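Trainee: Dropping a structure here in structure tokens format, bear with me for questions.
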4 protein chains.
Amino acid sequence: MTVRFGLLGAGRIGKVHAKAITANPKAQLVSVADAFEKAASDLATQYGCDIRSVEQILQSSDIDAVVICTPTDTHADLIEQFSKAGKAIFCEKPIDLDVERVKACLKVVDAEGATLMVGFNRRFDPHFQAMRKAIDEGQIGDVEMVTIVSRDPGAPPVDYIKRSGGIFRDMTIHDFDMARFMLGEEIETVSAQASVLVDPAIGEAGDYDSASVMLATASGKHATISNSRRATYGYDQRVEVHGSKGAVAAENQRPVSIEVANAQGYTRPPLHDFFMTRYTEAYAREISTFIDAVETKSAANPSGLDGLIALALADAAVRSVKEGRAIKVSEVTGALADKSVFQGR
Amino acid sequence: MTVRFGLLGAGRIGKVHAKAITANPKAQLVSVADAFEKAASDLATQYGCDIRSVEQILQSSDIDAVVICTPTDTHADLIEQFSKAGKAIFCEKPIDLDVERVKACLKVVDAEGATLMVGFNRRFDPHFQAMRKAIDEGQIGDVEMVTIVSRDPGAPPVDYIKRSGGIFRDMTIHDFDMARFMLGEEIETVSAQASVLVDPAIGEAGDYDSASVMLATASGKHATISNSRRATYGYDQRVEVHGSKGAVAAENQRPVSIEVANAQGYTRPPLHDFFMTRYTEAYAREISTFIDAVETKSAANPSGLDGLIALALADAAVRSVKEGRAIKVSEVTGALADKSVFQGR
Amino acid sequence: MTVRFGLLGAGRIGKVHAKAITANPKAQLVSVADAFEKAASDLATQYGCDIRSVEQILQSSDIDAVVICTPTDTHADLIEQFSKAGKAIFCEKPIDLDVERVKACLKVVDAEGATLMVGFNRRFDPHFQAMRKAIDEGQIGDVEMVTIVSRDPGAPPVDYIKRSGGIFRDMTIHDFDMARFMLGEEIETVSAQASVLVDPAIGEAGDYDSASVMLATASGKHATISNSRRATYGYDQRVEVHGSKGAVAAENQRPVSIEVANAQGYTRPPLHDFFMTRYTEAYAREISTFIDAVETKSAANPSGLDGLIALALADAAVRSVKEGRAIKVSEVTGALADKSVFQGR
Amino acid sequence: MTVRFGLLGAGRIGKVHAKAITANPKAQLVSVADAFEKAASDLATQYGCDIRSVEQILQSSDIDAVVICTPTDTHADLIEQFSKAGKAIFCEKPIDLDVERVKACLKVVDAEGATLMVGFNRRFDPHFQAMRKAIDEGQIGDVEMVTIVSRDPGAPPVDYIKRSGGIFRDMTIHDFDMARFMLGEEIETVSAQASVLVDPAIGEAGDYDSASVMLATASGKHATISNSRRATYGYDQRVEVHGSKGAVAAENQRPVSIEVANAQGYTRPPLHDFFMTRYTEAYAREISTFIDAVETKSAANPSGLDGLIALALADAAVRSVKEGRAIKVSEVTGALADKSVFQGR
């Protein structure tokens, strides 16, 4: 079976997925939709697909799956519509910036029995996957403490920051998902502190640019996250897991790994300076995993639930900074009719 | 001038200092005192010094300085006595496990104008010193975030744990001091979480074996600390400082640095498995610094104040775990008659 | 302009080039030829090109360039034929195993003014390219000594060995080219020693599996090469250049770069185990460079001359082992009508 | 038993040994002799020993062993005298610059049954010792190829060069010994090339400053050595051994191992810049090994024979450069009455 794709949104991340779909022998890019006509036609030309409206794609019988790369505030609506249309859905994170809206959306997905995968691309990085595999093989015993350092080369424009939901929902959300991925157990409490050290304009926009987070699970496992919107040395993405029998860590990645030695010392080049070059292979593996799920009609992973939980952790972090205390995740999610929503995997 | 030493306590750490004093051309080990006669005589034979009682050393005109390596509960009394006797004092940390007792002790030291240095040996590690120097030279710009990972090869006996004051006062206290050393600014709030993952007996003794801490300064700088009482791969001691223009980090140290490659991969040996071999050079530099301070009659550093602040941070961490909230350091130290006590350096 | 390609040979390396051509927006794969029909049709199906005979490709007006991936003993003839047909030619190394045959072939290429590039893929590895760039920028001053360690994961089948021309012409030839690439000066003398340590069957086939080489240039620069047909830890490919002001080195590459720590030490995974995964990016950059040369009608590099010189160095090494002395390269190449043949670049 | 030492020569290396002897609980430094009175008295004061003439030490019944740190041209005579006087002898390398003189000297040593150890300090470096141990444990299978890179931070004064015996006898001699130490088999042939790239004055003095060497054993094992009298990045000392089941390597050593990251990349400090700081621990272990040999009346290792063989390899290298061919070591050593002289260990 060839999975036939419609692509919603032809922007930066849309192009990444178009390339991955086209290169995948099990998939075909049939159509692209974008409110901005030029973006759609450029992408259509480059990857040899046609152009349709979102409504047309909804009704296209020659399309099995969609990739949602539109602005965040459209995600939940589109997921609901395409769930009802019987299409498999890959949606860039986040589903929405509001936990209640996400919960409502996931109810529709569940009701329709739709396939929904959320784009936490880092789970598909070969290095982080190899860490997870080493853990699964028992190489480090029981997981005890996860340490994540995650720093962007530079802060995004303040206009972006204003619409982003804030550092915890925009940036740390990836680290929340990574912490869960490595911990293998749901997080119970979140403690966070945050400040403005990089750019006062970010503070004026009501956000932070530097943040630390501590997470704890019911069984007493720990995770710490250290975030900054600035790193002169490149895109700093390190994960380390300490366990009862050992530890495993993924080093930073750089485009070239030479070393120059002279009287000043031994120098290696800076890291990747852009998430797309850092995570090139991860994006390809991510779409490949989605295609396999669609083809085999199995559950997609990370799921809508994973998206909801990561958002709830971000909400808890925001509250922790404001109130100066550890926040229980259940304070954010409230009483759930169906407890299984948080059962994780 | 040769600084003439009396050594109080001929145990494990006493021997380390005896060796460092003997090897230092500016110092002479005159006398050792130990309640356990055999310990004193063994050390006296090995390093060619005589044996006296603590009282005799107090009254010895041929002794300029003492090194206090006796049990913790004697430290504060001895500091007060030797301050009054006009001797320069090097005291192993902590001064006492009780903040109020430490404050009282330091008042005596101040009143007598005594020289008091507290044994935070890690500040004298060549690698951490080189980090501090790189920061002072402006190589990383303004310090923003300190990340400390500190793990012991194995937990001490539960008997020791019971007398230790708990993980924060016994183990993390070194990391609190290191955080201050690198931050260059006093810490305002402490958030901590802790659990028992290594040995249930530690929990039964009322302590934790795994802990995470977040620290914040008034200007918004961050530090995170990750502690475990177990690391199968050796004595894990890493410090990293992220700043506005870059970052600096100290790698772990191992006794030998070979690498064996075969079909299983590339393997380097485990780390040092003992703090004394890891910090051999630090102990020598520490005593050398104290000798220089005595010789030049200048202030010793880290001071009694540094000892007090590190203990207050530990107390705040204990309280944060219990109350699930960020603790202001001022909640622990209370109103101070002399605010300068916390002015740091 | 789109460069339209005919591919000669649909084997392992043919597929690599087919993929690179197809992915390159400036190129189009028009046709494939292979004596083995199934190989041709599989490749044609996968990459959407047609199938023609070599003779048909020679006469195809819709083909601008060919990539020669056929057996070695056909290379020289094909180069001559396609030179005369006015096609640009990319040929896998070596042009031939016989120096005189190569010289004759290159005379035809010169006479026809044909574009010929020889497949020394390692020059296009991003890491080795970054080394060359660092040298060109003067970061290490004048190049003085090149050190190459190059080891295969395992020996090829003895049948392959018998046809290969021997370790120096088959394996070391890449290192000879790399030495020239880094030295930036022609090699004057070659000293070599070789033995059979890996597999006696290789010795019975008249070849060696372990070799060391020393190279010297007229100005006294050095290169050393260490080769083995076996490396349990993967495909070992290291190059280091020492100069008057410093040194530059390229580390080995591995598919994933995690590190697992436990009581046995710190272990990173083995290296790539196959030259095609190790040099994936190099192959893509190589074809891209050829396409640019064809498009801009500029000289291709590495040229036929580079292929000839590398082969002459291999011949010199063979002779050095046999005669136990340093061989002048001019002893191999003999008197050349046109000395510029060896002027290098 | 305490081994009582006389030290011959109070220069730079004499001081290193004086310190190591004094720090060793099994040894006592009794006396020092030096033609330069001030040097002797300074050392005597610092380490608390007396001053005697060489003749007095020869006749001193309270001296068991001597350490010879005098100029090279006195070594052989002193070894013979002290052998006859029944003292155990540690002699800095080389025994003499002339192979025949060394052979004559060793005959006296053998005849007297004297204990003679030659100062190849690198064998006692903890990292190289750990490599040897890994090999002995079978971690890399059979040794096949040894790769040594050895570069000095800077060239010594030309006056020193003139008396040194040339780069092969002065500098490479350490690498020859290291190659034998790692190969575990005697070397049969030596091929070398050398040039002047660092300083023309070295060439005018009849020596080289840049050299490459290939060594082969009877069973076909290889070693390569790359030497330069200049390395802007410090004292470059790397050894790597490739075997049938894997490889083992020792990394370079630096005084501090921090890493600074910024927009220019990741920089670690230069290496040690002096052999004495690089090999501090090796010197201590070397003397300790000698003391143990004296105490237990067992053979010292590396022996006079090891000194002779290393010198013969240097002579072979000199000849190889001049004659442009591989030299058999037997060409240098000639017919030996007692073949066992070269049996190695």
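Each reported figure results from applying straightforward, stated rules to the coordinates on display, with no laboratory input. Keep in mind that this is a model prediction, so the values were computed, not measured. A quick note on method: Cβ atoms are made from the backbone with ideal geometry, for glycine too, and the neighbour counts reach across all protein chains shown.
Trainee: What does region B:138-191 give for Rg and for Dmax, in Å, if only its C-alpha atoms count?
Mentor: That works out to 14.4, 45 Å for Rg and Dmax.
Trainee: Here's something else I'd like to know. Quick check: net charge around B:Leu116, other residues with Cβ under 11 Å of its Cβ, Lys/Arg +1 and Asp/Glu -1? Kindly include the intermediate steps, with their values, before the conclusion.
Mentor: Working: positive: B:Lys87; negative: B:Glu80, B:Asp110, B:Glu112, B:Asp306.
Net charge around B:Leu116: -3.
Trainee: Fewest to most neighbouring Cβ within 10 Å: what's the order for D:Glu137, B:Glu295, D:Glu286?
Mentor: Details: D:Glu137 9, B:Glu295 16, D:Glu286 24.
Fewest-to-most ranking of D:Glu137, B:Glu295, D:Glu286: D:Glu137, B:Glu295, D:Glu286.
Trainee: Quick one: grab the alpha carbon gyration tensor of the protein assembly as shown, order the square roots of its eigenvalues as a ≥ b ≥ c, and give me rounded if a/c is under 1.5, else prolate or oblate depending on whether a/b is larger than b/c. Spell out each step's value before the answer.
Mentor: Numbers: a/c = 2.48, a/b = 1.07, b/c = 2.32.
Oblate is the answer for the protein assembly as shown, as a/c is 1.5 or above yet b/c matches or exceeds a/b.
Trainee: What share of the DSSP beta bridges in the protein assembly as shown is antiparallel, in percent to the nearest 5?
Mentor: Working: 155 of 263 bridges.
Just about 60 percent of them are antiparallel.
Trainee: In nm, to one decimal, how far is the modelled label at B:Lys107 from the one at C:Ala111, with both set 7 Å along Cα→Cβ?
Mentor: Simple spin-label model gives 10.7 nm for this pair.
Trainee: Report the net charge of residues surrounding A:Gly86, where surrounding means a beta-carbon distance below 14 angstrom and charges are Lys +1, Arg +1, Asp -1, Glu -1.
Mentor: So the environment of A:Gly86 carries a net charge of 0.
Trainee: According to a simple spin-label model (label point 7 Å from Cα along Cα-to-Cβ), what is the distance in nm between D:Ser244 and C:Glu55?
Mentor: Between C:Glu55 and D:Ser244, the simple spin-label model gives 5.4 nm.
Trainee: Using the beta-carbon distance between B:Val158 and C:Met276 and R0 = 51 Å, what value does 1/(1 + (r/R0)^6) give for FRET efficiency, to the nearest 0.05?
Mentor: Working: r = 57 Å, r/R0 = 1.11.
Once the sixth-power term is evaluated, E becomes 0.35.
Trainee: Could you give the size of the charge dipole of the protein assembly as shown about its Cα centre, using +1 on the Cβ of each K and R and -1 on the Cβ of each D and E, expressed in debye and rounded to the nearest 20?
Mentor: On the way: 152 positive and 188 negative charges, 0 e Å.
The calculation lands at about 0 debye.
Trainee: Also, quick follow-up: Please give the net charge around A:Glu204, taking every other residue with its beta carbon less than 13 angstrom from that of A:Glu204, where Lys and Arg add +1 and Asp and Glu add -1. Write down the numbers at each step before the final one.
Mentor: Numbers: positive: A:Lys162; negative: A:Asp159, A:Asp199, A:Asp207, A:Asp209.
My count for the surroundings of A:Glu204 gives -3.
Trainee: Right, another one. Can you give the FRET efficiency for D:Lys328 and D:Lys84, using 1/(1 + (r/R0)^6), R0 = 30 Å, r = Cβ-Cβ distance, to the nearest 0.05? Numbers along the way, then the final one.
Mentor: Values: r = 35 Å, r/R0 = 1.15.
Taking R0 as 30 Å, the efficiency between D:Lys328 and D:Lys84 is 0.30.
Trainee: Could I ask something else about it? Of A:Lys19/C:Lys297; D:Lys15/D:Lys84; A:Lys84/A:Lys107; B:Lys93/B:Lys133; B:Lys38/B:Lys84, which sit over 22 Å apart, Cα to Cα?
Mentor: Details: A:Lys19/C:Lys297 30 Å; D:Lys15/D:Lys84 26 Å; A:Lys84/A:Lys107 12 Å; B:Lys93/B:Lys133 24 Å; B:Lys38/B:Lys84 29 Å.
Exceeds cut-off: A:Lys19/C:Lys297; D:Lys15/D:Lys84; B:Lys93/B:Lys133; B:Lys38/B:Lys84.
Trainee: Also, I was wondering about something else. Using a Gaussian network for chain D with springs between C-alpha atoms less than 10 Å apart, which of these wobbles most: D:Ser150, D:Ser257, D:Ser330?
Mentor: Its mean-square fluctuation being the largest, the pick is D:Ser257.
Trainee: Hey, fewest Cβ within 10 Å first, where do C:Val146, D:Val109, B:Val158, C:Val198 land in order?
Mentor: Working: C:Val146 25, D:Val109 22, B:Val158 13, C:Val198 19.
Neighbour counts put them in this order, fewest first: B:Val158, C:Val198, D:Val109, C:Val146.
Trainee: Further, regarding this structure: Using alpha-carbon positions, what is the distance between the centroids of region C:85-126 and region C:302-325, in Å?
Mentor: The two parts, judged by their Cα centres, are 16 Å apart.
Trainee: For B:Asp42 and D:Ala263, what is the calculated FRET efficiency with R₀ set at 45 Å and r taken between the beta-carbons, to the nearest 0.05? Don't skip to the answer; put the middle values down first.
Mentor: Numbers: r = 56 Å, r/R0 = 1.24.
Computed FRET efficiency for B:Asp42 and D:Ala263: 0.20.
Trainee: Something else: Return, for the Cα atoms of chain B, the radius of gyration and Dmax in Å, separated by a comma.
Mentor: Cα radius of gyration and Dmax of chain B are 20.3, 67 Å respectively.
Trainee: Still on this model: Based on the Cα gyration tensor of region C:37-147, what are the three equivalent ellipsoid semi-axes, each the root of five times an eigenvalue, rounded to whole Å and given largest first? Write out the running numbers ahead of the final one.
Mentor: On the way: eigenvalues 209, 77, 37 Å².
Computed over region C:37-147, the values are 32, 20, 14 Å.
Trainee: Over chain D, with a Gaussian network built from C-alpha contacts below 10 Å, which listed residue (D:Arg229, D:Arg278, D:Arg12) shows the highest mean-square fluctuation?
Mentor: Highest fluctuation among the options: D:Arg12.
Trainee: Kirkwood hydrodynamic radius, computed over distinct alpha-carbon pairs, for region D:223-332: how many Å, to one decimal?
Mentor: Numbers: mean 1/r = 0.0553 Å⁻¹.
Taking the inverse mean of 1/r over all distinct Cα pairs, region D:223-332 comes out at 18.1 Å.
Trainee: Now a separate question. Using alpha carbon centroids, what distance separates region D:159-208 and region B:254-294, in Å?
Mentor: After rounding, the separation between the Cα centres reads 34 Å.
Trainee: Under the rule of -39500 (n - 2.57) per DSSP H run of 4 or more residues, summed and divided by the residues of the protein assembly as shown, what mean residue ellipticity at 222 nm is obtained, to the nearest 500 deg cm²/dmol?
Mentor: On the way: 52 runs with 529 residues, N = 1380.
After summing the helix terms and dividing by residue count, I get -11500 deg cm²/dmol.
Trainee: Could you give, in nm with one decimal, how far C:Met276 is from each other copy of that position, shortest first, with labels 7 Å out from Cα toward Cβ?
Mentor: Distances to the matching label points in the other copies: 2.9, 5.8, 5.8 nm.
Trainee: Take the alpha carbon atoms of region B:1-65, find their center, do the same for region D:35-71, and report the distance between the two centers in whole angstrom.
Mentor: The distance from the Cα centre of region B:1-65 to that of region D:35-71 comes to 32 Å.
Trainee: Follow-up question, since we're still on this one. I need to check one value: relative contact order of chain A, counting alpha carbon pairs closer than 8 Å and at least 6 residues apart, in percent.
Mentor: Working: 672 pairs, mean separation 65.8, N = 345.
Across chain A, relative contact order equals 19 percent.
Trainee: Right, next: How many Cβ atoms of partner chains, on average, are near each residue of A:226-237 if near means within 10 Å of its Cβ?
Mentor: Working: counts 9, 2, 7, 0, 6, 6, 12, 12, 5, 0, 3, 0.
For peptide A:226-237, the averaged partner shielding equals 5.
Trainee: Using +1 at the C-beta of Lys and Arg and -1 at the C-beta of Asp and Glu, which of B:Ser212, B:Ala134, B:Val158 has the Cα lying farthest in the positive direction of the dipole of region B:98-218?
Mentor: Comparing the listed Cα positions along the dipole, B:Val158 ranks first.
Trainee: Further, regarding this structure: Over the whole of A:130-142, what's the average partner chain Cβ count within 10 Å per residue? Rounded to a whole number, please. Display every interim value, and only then the final one.
Mentor: Values: counts 6, 4, 1, 2, 6, 1, 0, 1, 0, 4, 5, 3, 1.
Averaged over the peptide's residues, the number is 3.
Trainee: Within a 10 angstrom radius of each residue's Cβ in D:245-254, how many Cβ atoms of other chains show up on average? Whole number is fine. Spell out each step's value before the answer.
Mentor: On the way: counts 6, 11, 12, 6, 6, 4, 5, 3, 1, 2.
For this peptide, the per-residue mean of nearby foreign Cβ atoms is 6.
Trainee: Out of every Cα-Cα pair in region C:156-272, what percent are more than 23 Å apart?
Mentor: On the way: 3031 of 6786 pairs.
Across region C:156-272, Cα pairs with separations above 23 Å total 45 percent.
Trainee: Still on this model: Where the Cα atoms of region C:1-67 are projected onto their three principal axes, how long is each span, largest first, in whole Å?
Mentor: The Cα atoms of region C:1-67 stretch 32, 25, 17 Å along the principal axes, largest first.
Trainee: Please build a GNM for chain B, connecting alpha carbons under 10 Å apart, and tell me which residue among B:Ser53, B:Ser320, B:Ser228 fluctuates the most.
Mentor: Comparing B:Ser53, B:Ser320, B:Ser228 in a Gaussian network model of chain B, the most mobile one is B:Ser53.
Trainee: Within 10 Å of each residue's Cβ, count the other Cβ atoms and sort A:Leu43, D:Leu313 from fewest upward.
Mentor: On the way: A:Leu43 22, D:Leu313 29.
Neighbour counts put them in this order, fewest first: A:Leu43, D:Leu313.
Trainee: Explain nothing, just the number: relative contact order of region A:188-288, from Cα pairs under 8 Å at least 6 residues apart, as a whole percent. If you can, show how the numbers build up before the last one.
Mentor: Details: 130 pairs, mean separation 17.3, N = 101.
Result for region A:188-288 is 17 percent.
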